[in-house]
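Dropping a structure here in structure tokens format, bear with me for questions.
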Amino acid sequence: MSIIIKSEHEIELMRQAGRIVAMVLEVLKARVRPGMCTEELDVIAAEEAQKLGGRPSFKGYRGFPANLCVSVNDEIVHGIPGKKVLCEGDIVSLDFGVIYQDFQGDAAITMGVGDVSPEAKRLMEVTEDALKAGVATARPGARLGDVSAAIEQYAESRGYSVVRQYSGHGIGRKLHEDPQVPNCTTPGFGLMAGTGPELQKGMTLALEPMVNIGDWETKQDDDNWTVRTRDGSLSAHFENTIAITDGEAEVLTKL
Ligand code: MG
């Protein structure tokens, strides 16, 4: 494993990449409505990123065919935008990344389409707060497994399960750098509290819990991308790119 420590100049470029990602997600948030098809969101994401000087990073990554990942209801991550129409009451996860001056930003949100059920709302709130719990733990001197444990404990103590097969990641010049950042402590999938690399200033990580109402098990569609819950339960996904500082981590994917 080789973890790349970034200079202040490199972090500034990542801050700019992150701001573009946040601005694009903000536009998408305002545009999501019942009756639109998911590929419209893909077009908007590409146009907005271009206006801001960022290049969408997912397109072509390991052959991914779109700019934006759009995952609806029981879809967890890596949904491919297409002809699917969003309906009132759906929840939709939007995951977007850009490259700006050779540096990456990566973030995701889940939001309701029109009015959604109280169960869906609570799932989204808990997932976003599980991400915040991870970020709050990501300080110098903590071990990476402390971040995994904080995320898992937050979500599981509220009755949900955390997806085990997909993790957050280091990020910088490359979308996926060392280390992997698991969202759980399960042997074989995760990292126990107090274990893993020690966090230090200048590390840049994408934290991204995926949380299910039902079981943690997943399955993949025939498109070889879309990942969904095996039991069909709802799933939410929130992600931020952060930089480890002397104190509280800095969220780079923010406005
Ligand atoms: Mg990511």
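Per DSSP H run of n ≥ 4, the term is -39500 (n - 2.57); total these for the chain, divide by its residue number, and report the mean residue ellipticity at 222 nm rounded to 500 deg cm²/dmol. Present the calculation step by step, with values, prior to reporting the outcome.
Numbers: 4 runs with 71 residues, N = 255.
So the calculated ellipticity at 222 nm is -9500 deg cm²/dmol.
Can you bin every Cα-Cα distance in the stretch 122-176 into 5 Å intervals starting at zero and give me the percent of pairs per bin, rounded to whole numbers?
The percentages, shortest bin first, are 4, 19, 26, 24, 17, 8, 2, 0.
What relative contact order, as a whole-number percentage, does the stretch 18-131 give when Cα pairs under 8 Å and 6 or more residues apart are counted?
Details: 210 pairs, mean separation 31.0, N = 114.
Averaging sequence separation for qualifying contacts and normalising by length gives 27 percent for the stretch 18-131.
Okay, moving on. Only Lys, Arg, Asp and Glu count, each charged at its Cβ (+1, +1, -1, -1), so figure out the dipole size of the stretch 8-246 about its Cα centre, rounded to 20 debye.
Charge dipole of the stretch 8-246: 260 debye, to the nearest 20.
In whole angstrom, how long is each semi-axis of the equivalent ellipsoid of the chain, when you take the square root of 5 times every eigenvalue of its Cα gyration tensor and sort them from largest down? If you can, show how the numbers build up before the last one.
Working: eigenvalues 137, 102, 46 Å².
Computed over the chain, the values are 26, 23, 15 Å.
Right, something else. Given a Förster radius of 30 Å and the C-beta distance between residue 165 and residue 117 as r, what FRET efficiency does 1/(1 + (r/R0)^6) yield to the nearest 0.05? Spell out each step's value before the answer.
Values: r = 26 Å, r/R0 = 0.88.
Step by step, r from the Cβ atoms, then E = 0.70.
Can I ask one more? Put a dot 7 Å past each Cα toward the Cβ at residue 87 and residue 55; how far apart are the dots in nm?
Modelled inter-label distance: 4.0 nm.
Taking a cut-off of 18 Å between Cα atoms, list the lysines near residue 201, but don't count ones fewer than 8 places away on the same chain.
6
Another question, if that's okay. Using Cα pairs under 8 angstrom and six or more residues apart, how large is the relative contact order of the stretch 8-246, in percent? Could you put the intermediate results ahead of the total?
Numbers: 616 pairs, mean separation 50.6, N = 239.
Once divided by the residue count of the stretch 8-246, the mean separation gives 21 percent.
With label points built 7 Å along Cα→Cβ from the Cα atoms of residue 221 and residue 198, find their separation and express it in nm.
Taking the two extended label points, one gets 4.5 nm.
Would you please calculate the Kirkwood hydrodynamic radius of the stretch 31-141 over all C-alpha pairs and express it in Å, rounded to one decimal? Walk me through the numbers before you get to the answer.
Numbers: mean 1/r = 0.0663 Å⁻¹.
Its Kirkwood hydrodynamic radius stands at 15.1 Å.
Read-outs throughout are calculated quantities, based only on the coordinates presented, and are distinct from any laboratory measurement. Since this is a predicted model, take the numbers as computed values, not measurements. Note that each Cβ is placed from the backbone with ideal geometry, even for glycine, and that neighbours are counted across all protein chains shown.
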